[in-house]
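**Student:** Starting off with a structure, shown below.
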Amino acid sequence: MLKRLLLFVWGAVFITACAETITGKKDIYQEGSSFFIRSSAFMNDTFIPRRYTCDGDNISPELYWGDVPQGTQSFVIIMEDPDAPFGVFVHWIVYDIPYYVTTLRENLPKVSVVDGMIKQGLNDFGRIGYDGPCPPKGMPHRYFIRIYAIDIPTLGLPPGATKEDVKNAIEGHIISQTYLVGRYGR
């Protein structure tokens, strides 16, 4: 038993060291973190109300988060549909959210810079800001709203960045992440 445990620990250390050597970067995840994201509009793994979809008002839901990991200097939020017919579809990108902001209000303006500091990226509809669920008829889709706690105050990206730009910028800077899932179908 002790031999297996030692082998497991050695393997984990070896893999971590190799990954850091290959990428030159290392994301630090806090184990046992209670970091959370929620919405006042829907509970985790339930249906997103029509109001927040292309069939309704197409406005962003209120989001709030807490139990922020120590060392967090900013947040990034990305909303995606992994069930889209042609691969993962990005509905919303928000970045450079200061560490002291723990809520995004409902109906966040669809502009590149909100409140003079929070930036929004280009979604897969080709627009800035939030565009809600709009799946084809059939099975309901899942919508993941992921929040990343980042150890730098800004990503150094201009407004209107793509998911790829944002993901590249946060690589090696993620302290912790969590998500909220909503569902919607027609």
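**Student:** Does segment 15-23 contain at least one residue that is at positive phi and modelled with pLDDT under 95?
**Tutor:** From segment 15-23, those at positive phi are none; that's our starting set.
Scanning segment 15-23, I find no residue that is at positive phi and modelled with pLDDT under 95, so the answer is no.
**Student:** When you look at VAL76, is it crowded, with 20+ Cβ neighbours inside 10 Å and over 20 Å from ILE48 (Cβ atoms), yes or no?
**Tutor:** Numbers: crowded, with 20+ Cβ neighbours inside 10 Å: yes; over 20 Å from ILE48 (Cβ atoms): yes.
The answer is yes for VAL76.
**Student:** Return the residues of segment 148-166 that are touching a residue at least 60 places away in the same chain (Cβ under 8 Å) and not β-branched (Val, Ile, Thr); say none if nothing qualifies. Even if it seems obvious, please write down each step before you answer.
**Tutor:** Restricting attention to segment 148-166, the residues satisfying the condition of being touching a residue at least 60 places away in the same chain (Cβ under 8 Å) are 148-155, 157, 161-163, 166.
Residues satisfying the conditions are TYR148, ALA149, ASP151, PRO153, LEU155, LEU157, ALA161, LYS163.
**Student:** Read through the list (1) over 18 Å from PHE144 (Cα atoms); (2) touching a residue at least 24 places away in the same chain (Cβ under 8 Å); (3) surrounded by fewer than 16 Cβ atoms within 10 Å (Cβ to Cβ), then give the number of the only condition that GLY66 fails.
**Tutor:** Answer for GLY66: the failing condition is (1).
**Student:** Taking SER33 as meeting all but one of (1) surrounded by 11 or more Cβ atoms within 10 Å (Cβ to Cβ); (2) at pLDDT 95 or above, write down the number of the exception.
**Tutor:** Answer for SER33: the failing condition is (2).
**Student:** List the residue pairs whose Cβ atoms are under 8 Å apart, where the first residue sits in segment 129-143 and is within 15 Å of PRO85 (Cβ to Cβ) and touching a residue at least 12 places away in the same chain (Cβ under 8 Å), the second is polar (S, T, N, Q) and surrounded by 15 or more Cβ atoms within 10 Å (Cβ to Cβ), and the two are 6 or more positions apart or on different chains.
**Tutor:** Within 8 Å, the pairs are PRO133/THR53; CYS134/THR53.
**Student:** While we're here: Could you list, in sequence order, all residues of segment 169-186 that are closer than 18 Å to GLY156 by Cβ and among the charged types (D, E, K, R)?
**Tutor:** From segment 169-186, those closer than 18 Å to GLY156 by Cβ are 169-175; that's our starting set.
GLU171, the sole residue that qualifies.
Matching residues to (1) surrounded by 15 or more Cβ atoms within 10 Å (Cβ to Cβ); (2) touching a Cys at 6+ places or on another chain (Cβ under 6 Å); (3) farther than 21 Å from ARG51 by Cβ; (4) modelled with pLDDT of 95 or more:
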{"residue": "ARG105", "(1), (2), (3), (4)": "no, no, no, yes"}
{"residue": "CYS134", "(1), (2), (3), (4)": "yes, yes, no, yes"}
{"residue": "LYS137", "(1), (2), (3), (4)": "no, no, no, yes"}
{"residue": "PRO140", "(1), (2), (3), (4)": "yes, no, no, yes"}
{"residue": "PRO158", "(1), (2), (3), (4)": "no, no, yes, yes"}
{"residue": "ALA161", "(1), (2), (3), (4)": "yes, no, yes, yes"}
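The values are calculated or read from the model by the stated rules, or taken from the named source; none is laboratory data. Because the structure is a prediction, the values reported are computed rather than measured. Neighbour counts run over all protein chains shown; Cβ positions are idealised from the backbone, glycine included.
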